Structure formats: C-alpha cells, structure tokens
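Take a look at the structure set out below.
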Amino acid sequence: MKYTYILLLSLFSCFSFGQQVMTLEKALSIGLENNFGIKIADKAIEIAENNNTWARAGKTPTVDLNGFFNNNLTSDNNPASFLQGTFYNGSIGATANANWVLYNGGRIALSKDQLNLAVGQEKLSKSSDINFLFRTIYQQYYEVVFQQEQLAVLNQVLVLSQDRLAYETTKKEFGSSNAYNLLQFESSVLADTNSIISQEQRVDVAKRNLNNTLDISGYESYTYSDRLSINPEEIDADKLRQALSEENYTLKSLEMIASLNKLNTGIAKAATKPTVSISGSVGFAENGFKFFADDPNTGDPFPFLLSNRFTGAINANLSWNLYDGGVRNDNIQSAKIQEEIDQLTILEAKAELNNQLDILIDNYYNQVELLQLTDRQIQIAQQNLKITEERFKAGQLTSLDYRNVQNQYLNAAYSKVGAIYSLLITKSEIDFLVGVFED
C-alpha cells in the first residue's frame with residue numbers, strides 16, 4: 001500500500017551506512033557484560049565463597065606462636081638482700097599454644113551452614129540484579145523503537161501535507177485556488193515539521209537512556225531496525241502462578257531470610273549444650289645471668305651463666321553453663337516465634353504478588369482488546385483519508401476539513417503503536433514479576 005511504503009521509506013531514510021544494528025538480544029548481552037552492578041555482585045560472590053571455609057566456622061584448631069626477649073639490669077643495695085650489687089638477668093625463647101574445640105553443641109556445623117547461605121544470598125542478589133537489568137533494557141529498547149515508530153508516523157503525515165501543499169500550489173497557478181487555502185497547507189507543513197523535530201529529540205533521549213544503562217557511548221553509531229509488533233498470546237495464569245512461587249526473587253529472598261533465622265534457632269539451642277576443647281603448649285627459653293662483682297674466694301669476676309628450660313602441657317576443658325536465669329530459653333522461644341513470623345511474611349508476600357500478577361494479566365487482556373480496536377480505527381482512518389482526499393480534489397471539502405481528517409489518521413496511528421508498546425511493556429512486567437524472561 002502507498003502509506004505503508006511511505007512509512008517504511010521514512011523509517012529507513014534516517015539510517016546511514018557504517019552504522020551497527022542494535023537488537024534486543026545484543027542490548028541484553030552488552031548490558032550483562034558492561035553493567036557495573038553485575039560486576040560488583042560477582043566480586044561479592046567471590047568474597048562470600050572465600051569466606052566459606054570450615055576454619056571460619058570454627059572446626060579447625062588454632063595455633064599461636066609467641067616469642068620473647070627480656071633483659072633486666074638490677075642494682076640492689078639492700079643489706080637484707082641475698083644478692084647485693086649490680087647484676088644482669090635476661091632470657092630469650094618462644095612458646096606455641098594450640099586450642100581445638102571438639103564439640104560446642106553443633107554450632108560449628110550451623111556456622112558452616114550460615115556461610116553456605118551467605119554465598120547463596122550473594123548469588124541470589126546477582127540473579128535479582130540481572131532480572132531487574134533485563135526489564136530495564138527490555139523496556140528502554142522498546143521505548144526507542146516506540147519513539148521511532150511515532151517519528152515514522154509523523155514523517156508520513158508530513159509527506160501527505162507536502163503533497164497537498166504542492167497540489168494546492170499547482171491549483172493556484174491555474175486560478176483554481178486562493179492564498180487562504182495555500183496558507184492553510186503551509187501552516188500544516190510547518191506544524192508537522194515542528195512535531196518531527198520534537199519527536200527526533202525524544203528518539204535521541206530514549207537512545208541515550210538505553211546507552212547509559214548499557215554503559216556504552218556514541219548512541220549515533222547504532223540503528224534500531226526492529227518494528228513494534230506483537231502476537232497476543234493466551235496466558236496460562238496457573239502456570240504463571242506456579243512459576244511465580246518458584247522463581248520470584250522477592251519470595252526467594254524471604255525464603256533465604258527464613259532459612260537464616262531457622263539456623264539462628266539452632267544456634268540458640270546449641271547454647272544450652274556443653275563445650276569441649278583441648279589445648280596444648282610447648283615452650284623453650286634460654287636464660288643468662290651475670291653478677292658484676294669478683295668472687296671473694298678466687299678474686300676473679302663471676303662468669304656469665306647460661307641455663308635453659310623446656311616446657312610442655314596438654315589440657316582438656318569442658319564448659320557447660322547449667323543455669324543463666326532462663327535467658328537461653330527465652331532466646332530459643334524468640335527464635336521460634338521469628339520463624340513463624342517469617343512464614344507469615346512469605347504467605348503475605350505470595351498473596352500480594354499473586355494479586356499483582358492477576359492485575360497484570362487482566363491489564364494484558366484489556367490491552368489486547370484495545371489493540372484490536374486500534375486496528376479497526378486505523379483502517380477506518382485510512383479509508384476516510386482516501387475518501388477525503390478525493391472529495392477535497394473535487395472541491396467538496398475545505399482545507400480545514402482535510403486537516404481534521406489527517407489529524408484523525410495521525411491519532412489512530414499513534415493509538416496503534418501506543419497499544420503495541422503498552423502490550424510489550426505489560427508482558428515485560430509479567431516476566432519480571434514471575435522472575436523468568438521469555439522471548
């Protein structure tokens with residue numbers, strides 16, 4: 001059809017050679033690779049995995065090595081002292097101490113489970129970020145396509161206005177028209193041109209927003225060849241509800257929190273059990289002593305005396321707090337109540353999310369009906385525009401009448417692309433809520 005050809009021509013006229021074509025799949029791939037939030041999430045996972053060890057959970061023994069070097073110089077003039085005069089006493093040595101908790105009520109295993117869940121939390125956070133990123137890219141990509149479609153409609157209307165202006169100019173040359181009619185069509189061309197300039201700015205803004213999300217520069221380097229189109233599908237509400245209960249990231253996060261709080265209950269119970277540990281130590285010291293005086297028996301200076309000492313010990317320790325006034329029992333009870341709160345929170349979230357899903361599904365079907373209505377509206381507008389053009393050429397209608405019908409066609413075309421865009425956005429909201437994006 002004539003108008004379809006003009007629409008396609010106006011759409012592709014803005015493309016230039018050497019540009020790269022941006023597709024939805026390419027945008028998603030670039031966003032996943034460049035997004036700083038995803039990169040940060042990867043590093044957070046590395047930290048959690050690095051911390052996820054049995055040593056951090058407390059299962060392995062700890063060993064401390066301590067060294068010392070002591071020097072003391074004493075001048076003692078106390079008559080009652082056994083050793084009077086000036087003397088030096090020094091020592092150098094080292095000790096190694098080890099401690100190993102053999103049993104602490106199961107808290108070691110519970111701590112390891114907490115570390116495992118910490119890794120799971122970071123991975124879940126990354127997946128949630130990706131889900132949010134995909135929705136953002138999806139909607140921003142189709143925002144670009146939507147704005148381009150509107151620009152194409154305006155270009156089509158401008159071509160019609162220019163054709164009418166040229167036709168009216170020719171009529172005036174032959175004396176079949178007047179300056180008033182000519183001014184009306186010139187005004188229409190100027191108005192359409194102004195709308196196109198404004199719409200081009202909207203296209204640029206939409207592209208900049210997407211490129212900012214993708215963390216790429218030079219939005220002019222990419223063209224968007226996709227057209228707004230959708231094949232309305234029959235939605236399986238039960239299947240979506242099942243997917244929502246399994247894949248929704250809000251529910252997954254709440255379930256993760258519930259798992260952590262369940263571990264806290266186990267830790268509170270472990271506090272009522274004894275702790276058994278063993279400890280050991282070994283040490284060695286070299287001592288030196290020098291008395292700065294002469295031996296009264298020989299008259300020679302006292303020699304520098306050396307001695308050493310080796311120590312070793314191994315101990316077993318049991319600690320069991322038998323009574324603390326009921327604090328531990330209170331902690332256990334509070335932890336159990338928190339578990340009940342977690343389950344109620346999950347049920348509340350499920351009810352709210354299912355309600356949101358039902359609203360989106362209803363909205364989807366309503367928009368399908370609106371899309372069907374816009375199909376009929378644009379067919380009528382095209383027929384009306386064709387008839388009006390013939391009647392205008394026959395002198396049965398004024399230029400204002402023709403412009404009104406032209407605006408009706410513009411509004412119908414706007415409604416058509418708007419209905420498709422709204423349907424695409426609603427579908428993306430359903431996929432985001434469920435947690436699984438589908439093609």
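Restricting the stretch 281-304 to residues that are part of a loop (DSSP other than H, G, I, E, B) and among the charged types (D, E, K, R), the residue that is surrounded by the fewest Cβ atoms within 10 Å (Cβ to Cβ) is Asp300. A single entry from Gly325, Gly283, Gly299 fulfils the requirement of being of a type in the set (Gly, Ala, Ser) and closer than 30 Å to Leu65 by Cβ: Gly283. In this structure, Thr345 does satisfy being part of a helix (DSSP H, G or I) and surrounded by fewer than 18 Cβ atoms within 10 Å (Cβ to Cβ).
Mind checking whether some residue in the stretch 257-280 is surrounded by fewer than 11 Cβ atoms within 10 Å (Cβ to Cβ), aliphatic (A, V, I, L, M) and touching a residue at least 24 places away in the same chain (Cβ under 8 Å)? No, there is no match, as no residue in the stretch 257-280 is surrounded by fewer than 11 Cβ atoms within 10 Å (Cβ to Cβ), aliphatic (A, V, I, L, M) and touching a residue at least 24 places away in the same chain (Cβ under 8 Å).
Summed over the stretch 314-342, the residues that are closer than 30 Å to Gly280 by Cα and either of a type in the set (D, E, K, R) or in contact with a Gly (Cβ under 6 Å, 6 or more places away or on another chain) (or both) give a count of 2.
Just so you know, in the stretch 258-271 the residues that are assigned to a helix (DSSP H, G or I) and either within 18 Å of the chain's Cα centre (by Cα) or among the small types (Gly, Ala, Ser) (or both) include one that is farthest from Val417 (Cα to Cα), and it is Ala270.
Scanning the stretch 305-332 for residues that are among the aliphatic types (A, V, I, L, M) and in contact with a helix residue (DSSP H, G or I) (Cβ under 6 Å, 6 or more places away or on another chain) turns up just one, Ile332. Among the residues of the stretch 200-212, just one is among the polar types (S, T, N, Q) and crowded, with 18+ Cβ neighbours inside 10 Å, namely Asn211. Count of the stretch 212-247 residues, restricted to those that are in a loop (DSSP other than H, G, I, E, B) and either within 27 Å of the chain's Cα centre (by Cα) or not hydroxyl-bearing (Ser, Thr, Tyr) (or both), is 15. You will find that of Ile337, Ile378, Ile332, Ile346, the residue that is within 29 Å of Lys252 (Cα to Cα), within 45 Å of the chain's Cα centre (by Cα) and without any contact (Cβ under 8 Å) to a residue 60 or more places away in the chain is Ile337 and no other.
Can you tell me which residue in the stretch 160-190 is farthest from Leu133 (Cα to Cα), limited to those that are among the hydrophobic types (A, V, I, L, M, F, W, C) and surrounded by fewer than 14 Cβ atoms within 10 Å (Cβ to Cβ)? It comes out as Phe174.
Which ones in the stretch 305-325 are assigned to a strand (DSSP E or B) and within 60 Å of the chain's Cα centre (by Cα)? Result: Phe310, Thr311, Gly312, Ala313, Ile314, Asn315, Ala316, Asn317, Leu318, Ser319. Among all residues of the stretch 97-116, there is at least one that is more than 28 Å from Leu65 (Cα to Cα), in contact (Cβ under 8 Å) with a residue 40 or more places away in the chain, charged (D, E, K, R) and assigned to a helix (DSSP H, G or I).
Here is a yes/no grid of residues against (1) modelled with pLDDT of 75 or more; (2) assigned to a helix (DSSP H, G or I); (3) among the polar types (S, T, N, Q); (4) out of contact with any strand residue (DSSP E or B) (no Cβ under 6 Å at 6 or more places or on another chain):
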{"residue": "Gln162", "(1), (2), (3), (4)": "yes, yes, yes, yes"}
{"residue": "Lys171", "(1), (2), (3), (4)": "no, yes, no, yes"}
{"residue": "Tyr180", "(1), (2), (3), (4)": "yes, yes, no, yes"}
{"residue": "Val189", "(1), (2), (3), (4)": "yes, yes, no, yes"}
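Among the residues of the stretch 372-388, is there at least one that is surrounded by 20 or more Cβ atoms within 10 Å (Cβ to Cβ), closer than 30 Å to Tyr138 by Cβ, at pLDDT 80 or above and of a type in the set (Lys, Arg)? Checked the stretch 372-388: no residue is surrounded by 20 or more Cβ atoms within 10 Å (Cβ to Cβ), closer than 30 Å to Tyr138 by Cβ, at pLDDT 80 or above and of a type in the set (Lys, Arg).
Quick check, is Leu73 in a strand (DSSP E or B) and over 47 Å from the mean Cα position of the chain (by Cα)? Yes: the conditions hold for Leu73. The criterion of being at pLDDT 90 or above, farther than 30 Å from Val276 by Cα and in contact with a Ser or Thr (Cβ under 9 Å, 6 or more places away or on another chain) does not hold for Asn66. Scanning the stretch 21-42 for residues that are surrounded by fewer than 14 Cβ atoms within 10 Å (Cβ to Cβ) and assigned to a helix (DSSP H, G or I) gives Glu25, Ser29, Glu33, Asn34, Phe36, Gly37, Lys39, Ile40, Asp42.
The values are calculated or read from the model by the stated rules, or taken from the named source; none is laboratory data. Note that the coordinates shown come from a computational prediction; the quantities given were computed from them, not determined experimentally. So basically every Cβ, Gly included, is an ideal-geometry build from the backbone, and we count neighbours across all protein chains shown.
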